[in-house]
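The next block holds one structure in the form of structure tokens; read it before the comments.
The values are calculated or read from the model by the stated rules, or taken from the named source; none is laboratory data. Please read these numbers as outputs of a predicted model, since none were measured by experiment. Cβ atoms come from the backbone with ideal geometry, glycine included; neighbour counts cover every protein chain shown.
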Amino acid sequence: MANNRLDQVVSTIVEKVRDGVREEKVSYEEYRAAVGYMMKVADAGELALFIDLFLNATMCRVINENAHSKASLQDMEGPYFLDESPMLEDGKMKLMDGYENDEPLIVRGTVRDVDGAAMPGVLVDMWNATPDGKYGGIHEGVPVDHYRGKVRTDENGHFRFESTVPVPYRIKDNGPVGAMLKAMGRHSWRPAHVHIKVRHEGYRDLITQLYFAEGEYVHDDCCEGTVPQEFVFDKVIEDGKRVLETDLFIEKV
Ligand code: MBD
Ligand code: FE
């Protein structure tokens, strides 16, 4: 009998892994290869990526199954959220020099509680990759205050960001995680996506992603994202800018 939460969770998960070892009659060679592989993943700094690849979408499904029916659906946070992103007075993200001709993107909407009331003063974070698939503060050459930022909703609960339209994203594929996906016959692509995190005192964090209806991999994500249908957006262009507009519903904890 487990005597605390840590004991209970670890014991349950380890027992399920043991079940897999039994079921597949894993050999000693395979076992040693797996241990060596995990050490390589750690050495390459890919542990977070490895875990997110297999478990982040499951985490979200568990949250969604236990959420208020009116709360917005959660999707993967992924490994690249950074809380040191800048506060943006006007919602305009810094873009790389020379990238001015990339397709402009407006993301806007209203944060509401599950009864539909607009919520002012709510912290909304957004981050997305450059059109060549890099995250600010993570990948070489893109500063931490680029392609990410925070705003607070105004008195009507509105928020608005400006960035550029991302393209399908290849997760890091030149290390051990990519090697394993290749060896398993899987690809390493995610659909083009925009990350959103909404935080407010007394409310459950809403972490989700927005997708582009016409894009590739929307339903063939290497990370098996939850892809909430409410966040797959048809093409809407306003003044030459792609617009994603949505309500975001958050619930009390
Ligand atoms: C990403 O950009 C991402 O969003 C996820 C879920 C996993 C790897 C990279
Ligand atoms: Fe991402």
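General observations
- Subset of the stretch 78-88 (residues that are in contact (Cβ under 8 Å) with a residue 60 or more places away in the chain and surrounded by fewer than 18 Cβ atoms within 10 Å (Cβ to Cβ)): Phe81, Leu82, Glu84, Pro86, Met87
- The residues of the stretch 73-102 that are within 25 Å of Glu238 (Cβ to Cβ) and outside any loop (DSSP other than H, G, I, E, B), listed by number, are Lys92, Lys94.
- The listed residues are Tyr217, Tyr211, and the only one of them that is buried (at least 21 other Cβ atoms within 10 Å of the Cβ), under 21 Å from Pro79 (Cβ atoms) and within 16 Å of ligand 1 (Cβ to nearest atom) turns out to be Tyr211.
- Any hit, the stretch 55-65, residues being of a type outside the set (Val, Ile, Thr) and more than 16 Å from ligand 1 (Cβ to nearest atom): yes
- Val9 vs. criteria away from ligand 2 (no atom under 16 Å from the Cβ), under 30 Å from Val114 (Cβ atoms), loosely packed, with under 13 Cβ neighbours inside 10 Å and modelled with pLDDT of 95 or more: yes
- Any chance Asp52 is under 25 Å from Gln209 (Cβ atoms), within 16 Å of ligand 1 (Cβ to nearest atom) and part of a loop (DSSP other than H, G, I, E, B): no
To keep it simple, each residue is scored yes or no on (1) farther than 17 Å from Lys241 by Cα; (2) modelled with pLDDT of 95 or more; (3) surrounded by fewer than 18 Cβ atoms within 10 Å (Cβ to Cβ); (4) more than 16 Å from ligand 2 (Cβ to nearest atom).
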| residue | (1), (2), (3), (4) |
| --- | --- |
| Asp113 | yes, yes, no, yes |
| Gly121 | yes, yes, yes, yes |
| Met126 | yes, yes, no, no |
| Arg152 | yes, yes, yes, yes |
